[in-house]
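The values are calculated or read from the model by the stated rules, or taken from the named source; none is laboratory data. These numbers come from a predicted model, not from an experiment. Cβ placement follows ideal geometry from the backbone for every residue including glycine, while neighbour counts extend to all protein chains displayed. Accessible surface is based on the protein model in full, side chains and every heavy atom, while ligands, DNA and RNA are left aside. Shrake-Rupley method; radii C 1.70, N 1.55, O 1.52, S 1.80 Å.
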Amino acid sequence: MSTYTITLPSRGQIYKDKDGNPAIPDGLVTMGPLRMKEQAIFANRASDNTKKLDEVLKRVIISPTIDPSTLLVSDRLYLLFALRINTIGPEYQVPFRCEHCDAQQRFTLDLIKDLTVKNARLDPSEDAKVFDAMTDLLDPSVPYMTETFDVALPNGVTITARLLNGNDENAIASYQKRIRTQISAASDPSIFYRMALMITQVNGKDIPITDKIHMVEDWDLRTSNAFSDAIEAREPGIDLTLRRDCVHCGAGNEFPVAFTAEFFRPRTR
Ligand SMILES: [Zn+2]
């Protein structure tokens, strides 16, 4: 199979090379096919998902030369979907359990037609550039893509925040291993660590990661929701939320796309 080129949802705007030039001009990435040897990496149960994705992306990205662990989590997910669609096709059997009557069911999702992608809006100075079919480019509800951005919280604190990348996902996986004994069904403290990693400054000041974690732990619901909403508004990428009516009771369900073994090894019927 030949190579193909995709445009990252971030449009590559925040990636710079060592000279400060765009590392991924216009967000264009050229990829090769997923071969048996890459598929074997995904099948390895001993390795964690973030590391597997790093390893596979290193092998399938042809140009530009980038370290995939430095890419935003949302761009990495988009590359994973592009790889799947270009290797196997867009049809994916998705399982879900009705939250009203508990009936287990499955349906066929079209990964191209049934999922929406939010593309980053370009910096004002870049707006003059013409892109193909980017009708959402000027949507004023989508903020401009910048490496960091300020979030004014209802408690009066201003947070300078950033979006997470592959290295952060690896750090979170290590953190989870370290604190495994403290994780209970009721709470997983790694969510505080995850939020703390998104915070670069508090009221314009650098503070240690442990202080960021304690601050996030003490936030009330209104404050943490305001922060999460601000991050979500900034994050480009695939919307993984699906809405389906239960075939058994007819009730509406909303749930995220589940990743099963069939993502890269579809069932043949
Ligand atoms: Zn049901």
- State whether the residues of the stretch 197-209 include one that is open to solvent by 40 Å² or more (accessible area, probe 1.4 Å), out of contact with any strand residue (DSSP E or B) (no Cβ under 6 Å at 6 or more places or on another chain), in a helix (DSSP H, G or I) and under 25 Å from T148 (Cα atoms). yes
- Message: Looking at K51, K18, K37, can you tell me which residue is of a type in the set (D, E, K, R) and within 23 Å of L197 (Cβ to Cβ)?
- Response: K51
- Message: Going through D245, D229, D239 one at a time, which residue ends up being within 16 Å of the ligand (Cβ to nearest atom) and not hydroxyl-bearing (S, T, Y)?
- Response: D245
- Note on the structure: Looking across the stretch 13-31 at residues that are part of a loop (DSSP other than H, G, I, E, B) and surrounded by fewer than 16 Cβ atoms within 10 Å (Cβ to Cβ), the single one that is nearest to the chain's Cα centre (by Cα) is D17
- Note: among K52, K58, K37, just one is touching a helix residue (DSSP H, G or I) at 6+ places or on another chain (Cβ under 9 Å) and open to solvent by less than 40 Å² (accessible area, probe 1.4 Å), namely K52
- Query: How do the pairs read when you match residues in the stretch 248-260 that are touching a residue at least 40 places away in the same chain (Cβ under 8 Å) with residues anywhere that are outside any strand (DSSP E or B) and away from the ligand (no atom under 16 Å from the Cβ), using Cβ under 9 Å and keeping only pairs 6 or more apart or on different chains?
  - Reply: V257/L111; V257/L115; V257/L240
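For every residue, the table says whether it meets (1) basic (K, R); (2) under 18 Å from the mean Cα position of the chain (by Cα); (3) within 16 Å of the ligand (Cβ to nearest atom); (4) over 29 Å from Y92 (Cα atoms).
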position	(1), (2), (3), (4)
L197	no, yes, no, yes
T200	no, no, no, yes
I207	no, no, no, yes
I213	no, no, no, yes
W219	no, no, no, yes
T223	no, no, no, yes
G250	no, no, yes, no
F259	no, yes, no, no
R265	yes, no, no, no
- Message: Residues that are within 19 Å of the chain's Cα centre (by Cα), assigned to a loop (DSSP other than H, G, I, E, B) and under 27 Å from Y144 (Cα atoms): does the stretch 32-49 have at least one?
- Response: no
- Message: Where the second residue is part of a loop (DSSP other than H, G, I, E, B) and surrounded by 12 or more Cβ atoms within 10 Å (Cβ to Cβ) and the first is in contact (Cβ under 8 Å) with a residue 24 or more places away in the chain and aromatic (F, W, Y) and lies in the stretch 28-46, which pairs have Cβ atoms under 8 Å and are six or more apart or on separate chains?
- Response: F42/F264
- Task: Name every residue in the stretch 8-58 that is farther than 25 Å from I88 by Cα and among the aromatic types (F, W, Y), in order of residue number.
- Result: Y15
- Task: Test each condition in (1) under 30 Å from K37 (Cβ atoms); (2) part of a loop (DSSP other than H, G, I, E, B) for S187 and report the one that comes out false.
- Result: (1)
- Message: Quick check on S10: is it of a type in the set (S, T, N, Q), touching a residue at least 12 places away in the same chain (Cβ under 8 Å) and part of a helix (DSSP H, G or I)?
- Response: no
- Query: Do you know which residues across the stretch 88-123 are in a strand (DSSP E or B) and away from the ligand (no atom under 16 Å from the Cβ)?
  - Reply: E91, Y92, Q93, T108, L109, D110, V117, K118, R121
